[in-house]
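S.K.: To start, I am sharing the structure in question, which I have written as structure tokens.
The values are calculated or read from the model by the stated rules, or taken from the named source; none is laboratory data. Note that the structure is predicted; figures quoted are calculated from it, not measured. For neighbour counting, all protein chains shown are included, and Cβ atoms are generated from backbone atoms with ideal geometry for every residue, glycine included. SASA here: full protein model, heavy atoms, side chains in, ligands and nucleic acids out. Shrake-Rupley method; radii C 1.70, N 1.55, O 1.52, S 1.80 Å.
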Amino acid sequence: AHSATALRAADPASGQVAWMGVVEEHGQPAFLALRLKVEGGRIAEVETVVRRKGGPPQYSDPAQYAHDAAFTFVATDAPTRAGLQTLANGYFDALQGDSRAHPRLDSQCYRLDNGVATTKGATAEGGVEGCAAQFRARVFRPVTRVRERRYPVVDTERGVIIATGFLDLPAHADKPEAGKGLAWAATYPYSIGFMAAFKSDNSRIWRIDSISAALPYRMPSPWSEAAARR
């Protein structure tokens, strides 16, 4: 691992930490999101999301990957664990097309997906700038479900929550023309596994940074299955 600017989050209450940055595999760069759980002074769980070059979803130059400094700022509104989880859930509900969802988004909300700025500039998703504007334009229509959501790391001091889960894209929606829909939509069904960091400010989502990778359609979560067995 060599990301000097990697995003780090720790949750003493759950005994878990998260790291999001860039690694090299035999000289080939890749984005890595890593979660560790410690029990009794030993590592009890390791969860990773690795995004290598090739195929969907978005992929930027790992050498240019840098997290927003806002993730290190101390929260000014004393957020709670439940409040942060509600913020993230509201976002995911809207992402899967729930008409009743009303995500609380700051007017300056900004999102990175695998290092790609997907809410502004030429790489804005669907050619639409702004987190709220993208929901209004329904650029996420190919996503039908955000499932197996988990929130293993919550940093209330900084107002940061780490979320994991899967996006399901069953290919019900036609693949959009370039610049008119999801850059990672495809003509075949598949899912996307992700680990995402949300930063809140004044009880609204201010920054989102995710690392995600394509997976077989409706691939189950081993972590949910493990929890069910315990």
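S.K.: Amide H of G159 versus every other amide H placed in the peptide plane: which residues, excluding those fewer than 5 positions away on the same chain, fall under 5 Å?
M.R.: A75
S.K.: Measure off 7 Å from each Cα along the Cα-to-Cβ vector at R100 and T76, then give the distance between these two points in nanometres to one decimal.
M.R.: 3.4
S.K.: Ok, one more. Under 4 °C and 1.567 mPa s, how fast does the chain diffuse according to Stokes-Einstein, given a Kirkwood radius computed over C-alpha pairs? Answer in µm²/s, whole number.
M.R.: 72
S.K.: First measure r as the distance between the Cβ atoms of A13 and R150, then evaluate 1/(1 + (r/R0)^6) with R0 = 22 Å and state the FRET efficiency to the nearest 0.05.
M.R.: Working from the Cβ atoms, E equals 0.90.
S.K.: Run lengths n ≥ 4 of DSSP H only: what is the helix-derived mean residue ellipticity at 222 nm for the chain, with -39500 (n - 2.57) per run over all residues, to the nearest 500?
M.R.: -3500 deg cm²/dmol
S.K.: OK, next. Calculate, in nm to one decimal, what H172 and V50 gain on full extension: separation in residues at 0.36 nm each, minus their alpha carbon distance.
M.R.: Length difference between fully extended and current span is 41.3 nm.
S.K.: Could you list which residues have their amide H under 5 Å from that of R207, counting only those 5 or more apart in sequence or on another chain, with H placed in the peptide plane?
M.R.: The answer is Y110, K199.
S.K.: Got a number for carbon plus sulfur as a percent of region 75-230's accessible area, 1.4 Å probe?
M.R.: C and S atoms contribute 49 percent here.
S.K.: Per residue of region 194-200, what does 6.51 cos²θ - 1.76 cosθ + 1.60 with θ = phi - 60° give for ³J(HN,Hα)? Whole Hz please, x for Gly and Pro, Karplus curve as stated.
M.R.: Running phi through 6.51 cos²θ - 1.76 cosθ + 1.60 with θ = phi - 60° gives 9, 10, 10, 10, 10, 10, 9 Hz.
S.K.: Test of understanding: in a Gaussian network model of the chain with alpha carbons linked when under 10 Å, which of Q108, Q58, Q16 would top the mean-square fluctuation ranking?
M.R.: Result: Q108 has the largest fluctuation of those listed.
S.K.: Restricted to Cα positions, what overall size does region 19-156 have along the principal axes? Three whole-Å values, descending.
M.R.: Sorted largest first, the three principal extents are 44, 37, 30 Å.
S.K.: Moving to a separate point now. Given a cut-off of 19 Å, what percent of all Cα-Cα pairs of region 101-208 lie beyond it?
M.R.: That fraction is 49 percent.
S.K.: Which FRET efficiency value, to the nearest 0.05, is calculated for T123 and I43 with the Förster distance at 30 angstrom and r the Cβ-Cβ distance?
M.R.: 0.25
S.K.: Put +1 on the Cβ of each Lys and Arg and -1 on the Cβ of each Asp and Glu in the chain; which of G193, L169, W19 then has its Cα farthest toward the positive end of the dipole?
M.R.: So the residue we want is L169.
S.K.: Using a probe radius of 1.4 Å on heavy atoms only, what accessible surface per residue do you get for region 83-206? Whole Å² is fine.
M.R.: 43
S.K.: Follow-up. Taking just the C-alpha trace of region 9-72, give me its Rg and Dmax in Å.
M.R.: 14.0, 40
S.K.: Before I look further, what does region 1-79 give for accessible area per residue, probe 1.4 Å, in whole square angstrom?
M.R.: 55
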